[in-house]
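**Student:** Have a look at this one.
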Amino acid sequence: MTTTRPGRVGLVGCGEVARYGHLPAIVAEPGLELVAVCDVSPEQLAQVSVPDGVARVRTLEEMPDIDALVVTSPAGVHAENVAWAAERGVPVLCEKPLAVDEATSLAMVDRMEAAGVALWVGFTYRFSPVARRIHELVAAGAVGQVRALRMVFLWDLHGVFADREARTGVNGRRVGRMLEGGPLVDCGVHQIDLARWWLDADLAVDHATGVWFDDLDGVDAPEHITAHLSGGGAQVMVEISVAYGHRAPAVPKTFTYEVIGTDGVIRYRRDDRDFLLVDRAGTHDLGWAHEKSFGGMYAELAKALRGEDHQLPSGRDGVAATRAALAATAQAVVGRRRPPLVNEQGPASV
Ligand SMILES: NC(=O)c1ccc[n+]([C@@H]2O[C@H](COP(=O)([O-])OP(=O)(O)OC[C@H]3O[C@@H](n4cnc5c(N)ncnc54)[C@H](O)[C@@H]3O)[C@@H](O)[C@H]2O)c1
C-alpha cells in the first residue's frame, strides 16, 4: 500500500555521523519528516542542530510515533536499539557495522524478520552516483568480465587528532573506530559491500595481513590491513589504513576504486577528482562525484516508507559484509608479525 504523507523518522545517536551526514539529509528529503532525536548524553542532544519542533529525548521510550528509526549510535548499542524497534514493529535503517560480531548481527536480522519489519543497513557509498555508475557499467559488461577489484582507503586517526588528544587526554575518534573492530570492520565493510553488489556475488576471504602501529587496550585489530577476497570470478583487494602517516598531522588521504576487466578499466580517484572508463574505444570521463551520498540514501528510505521499490541494502547484506570483514581481520591477527626487538635478534653473524 502506498502513502503520500512524509515518513515520520526518529534518530538515535546524535554523534559525528548523525550531525554531518544523516540529520541534514533527513531534513532535506521532502519525503521524510524528522520528528525526534534521541541520545543518552544531554550534551550531545543539546549540540545537535535540528529544526524547531523536533523532539529531543534521552531514551527510546520517550520517542513519539514514528514510521522508521535511524540508528547512528555506536555499533555495540545497535542491537538494543533494533530490539526496541522490533518490539514495536518499527522499520530500521541502521548504521554499519550492524554489530561487532557475527552472532549479534545475525540475531538482529532474525529478530526483525520474526517481527515482520524491515531492517536496512546504512551503506552510504552505494547511493553515490559513482558507485551506482560502476554498478550499471559492470552489469552492462562495459569492461568485459571483471577479473580484479582494487579498493583502497588510507586515512589517519592519529596526527590529525593530536590537538584534541592533548586537550582532552583521549583520542575518542581513534578509540571509537578501533573498538568497532578496526579499519576493515568499521570502514572496509563499505568496500566489501560495494564489491559484493558490483560483482553480484558473495565473497570468500583468501588472505589478510595487518600492520600494527600502537597497541590499544581491549582491541585485537591492526590499524592498517590488506585483505584479499574472491567471488564472482574476480579477485578483490581491500586495503584500509587508519594510520596513514601516523603522527604526521596532514598527510592527504588516498581513496580509490579500480575495476579491472577483460575489456577495460574503470578508475575512481577521489582526491584527484578522477573518474574514468578506459575501454577499447578510448578514455571516457564519467563525471567525478563524492564517494558517499546520504541524500541518495534518504531518497530511497522515503520510497521504502511509501511502499515503492527501493535500493536500500538489507540486513543480510550487512551480515555478509561484516562476516567477511571480521574473518579477514581475524586472519590478520593470527598472522601478526612483530618486528623483533634488538635483544631478540641473536648474535650478529661473523
Ligand atoms: N556511514 C558512514 O560513512 C559512517 C561514518 C562514521 C561512522 N559511522 C557509523 O555510525 C555509528 C556512529 O558513529 P559516530 O562516529 O557518529 O559515533 P559517535 O561516538 O560520534 O556518536 C555516537 C552517539 O551515540 C550516543 N549513544 C551512545 N549510546 C547510546 C544509547 N544507548 N542510546 C542513545 N544514544 C547513545 C553517544 O552519546 C553519541 O552521541 C557507528 O556505527 C559508526 O561505525 C558510519
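Where a number appears in this text, it was derived from the coordinates with a stated rule and is not lab data. Since the structure is predicted, the reported quantities are computational estimates derived from the model, not experimental observations. Quick reminder, even Gly has a Cβ in these numbers, built from the backbone with ideal geometry, and neighbours come from all protein chains shown.
**Student:** Could you give each residue of the stretch 134-146 its phi-based ³J(HN,Hα) in whole Hz, using Karplus coefficients 6.51, -1.76, 1.60 with θ = phi - 60°, and x for Gly or Pro?
**Tutor:** Once rounded to whole Hz, the list reads 5, 4, 5, 5, 5, 5, 7, x, 4, 10, x, 8, 6.
**Student:** Rounded to whole Hz and in sequence order, give me ³J(HN,Hα) for the stretch 151-161 from the Karplus expression 6.51 cos²θ - 1.76 cosθ + 1.60, θ = phi - 60°, writing x for Gly and Pro.
**Tutor:** Those phi angles translate into 9, 10, 9, 10, 8, 9, 10, 10, x, 5, 9 Hz.
**Student:** Given the options Ser105, Ser293, Ser49, state which has the largest fluctuation in a GNM of the chain using a 10 Å cut-off (strictly under) for Cα springs.
**Tutor:** Ser49
**Student:** Of the options Pro97, Ile192, Val9, report the single residue whose Cα projects farthest towards the positive end of the charge dipole of the chain (beta-carbon charges: Lys, Arg +1; Asp, Glu -1).
**Tutor:** Value computed over the given set: Ile192.
**Student:** Within the chain, what is the longest stretch that has no trypsin sites (Lys or Arg not before Pro) placed in a DSSP loop and near at most 11 other beta-carbon atoms within 10 Å?
**Tutor:** So the longest stretch without any such site is 1-272.
**Student:** Over the stretch 7-123, what is the mean sequence separation of C-alpha contacts under 8 Å (at least six apart), divided by residue count, expressed as relative contact order in percent?
**Tutor:** 24 percent
**Student:** Kindly provide the chymotrypsin sites (Phe, Trp or Tyr not before Pro) of the stretch 214-263 that DSSP labels as loop, not H, G, I, E or B, and whose Cβ sees at most 15 other Cβ atoms within 10 Å.
**Tutor:** none
**Student:** Sequence-distant or interchain residues sharing an amide H contact under 5 Å with Val57, placed H: which?
**Tutor:** Distant-sequence amide H within range of Val57: Val37, Cys38, Asp39.
**Student:** In the Gaussian network model of the chain, springs joining C-alpha atoms below 10 Å, which of Val146, Val82, Val278 carries the largest mean-square fluctuation?
**Tutor:** Largest GNM mean-square fluctuation: Val278.
**Student:** Starting from the amide H of Asp274, placed 1.01 Å from N in the peptide plane, find each other amide H under 5 Å away whose residue is 5 or more places distant or on another chain.
**Tutor:** For Asp274, whose amide H was placed from the backbone, the distant partners under 5 Å are Arg269.
**Student:** A further question on this structure: Once you sort the root eigenvalues of the Cα gyration tensor of the stretch 66-215 as a ≥ b ≥ c, which label holds: rounded (a/c under 1.5), prolate (a/b larger than b/c) or oblate (the other case)?
**Tutor:** Oblate, because a/c is 1.5 or more while a/b does not exceed b/c.
**Student:** Now a separate question. Assigning unit charges at the beta carbon (Lys, Arg +1; Asp, Glu -1) and nothing else, what dipole magnitude in debye, to the nearest 20, does the chain show about its Cα centre?
**Tutor:** Dipole magnitude for the chain comes out near 600 debye.
**Student:** Over the chain, calculate the relative contact order: mean separation of alpha carbon pairs under 8 Å at least 6 apart, over the residue count, as a percent.
**Tutor:** 21 percent.
**Student:** Tabulate in residue order the Karplus-calculated ³J(HN,Hα) for the stretch 237-251, using 6.51 cos²θ - 1.76 cosθ + 1.60 with θ = phi - 60°, rounded to whole Hz; enter x for Gly and Pro.
**Tutor:** Values per residue, Gly and Pro as x: 10, 10, 10, 10, 10, 10, 9, 7, x, 6, 8, 6, x, 9, 7 Hz.
**Student:** Highest GNM mean-square fluctuation, the chain, Cα pairs closer than 10 Å: which of Pro74, Pro91, Pro64?
**Tutor:** The residue with the greatest mean-square fluctuation here is Pro64.
**Student:** Near Lys253, which lysines are there with a Cα under 28 Å away, not counting those fewer than 8 places off in the same chain?
**Tutor:** Lys253 reaches Lys96, Lys292.
**Student:** Excluding Lys292 itself, what net charge comes from residues whose Cβ is under 13 Å from its Cβ, given Lys and Arg +1 and Asp and Glu -1?
**Tutor:** Net charge in that neighbourhood comes out at +1.
**Student:** When DSSP beta bridges are limited to those with both residues in the chain, what percentage is antiparallel, rounded to the nearest 5?
**Tutor:** About 60 percent, rounded to the nearest 5.
**Student:** Below 15 angstrom from the Cβ of Ala140, what's the summed charge of the other residues (Lys, Arg +1; Asp, Glu -1)?
**Tutor:** With Lys, Arg at +1 and Asp, Glu at -1, the net is -1.
**Student:** Let a ≥ b ≥ c be the square roots of the eigenvalues of the Cα gyration tensor of the chain; is it rounded (a/c under 1.5), or, if not, prolate (a/b larger than b/c) or oblate?
**Tutor:** oblate
**Student:** What shape does the stretch 144-219 take by its C-alpha gyration tensor, where a ≥ b ≥ c are the square roots of the eigenvalues and a/c under 1.5 counts as rounded, a/b above b/c as prolate, and the rest as oblate?
**Tutor:** Prolate is the answer for the stretch 144-219, as a/c is 1.5 or above and a/b outweighs b/c.
**Student:** Amide H of Gly261: which non-local residues (sequence gap of 5 or more, or other chain) have their own amide H closer than 5 Å, using H built in the peptide plane?
**Tutor:** Arg147, Ile266
**Student:** Tell me which of Leu277, Ala321, His22 sits at the most positive position along the dipole axis of the chain, charges placed on C-beta atoms (Lys, Arg +1; Asp, Glu -1).
**Tutor:** Comparing the listed Cα positions along the dipole, Leu277 ranks first.
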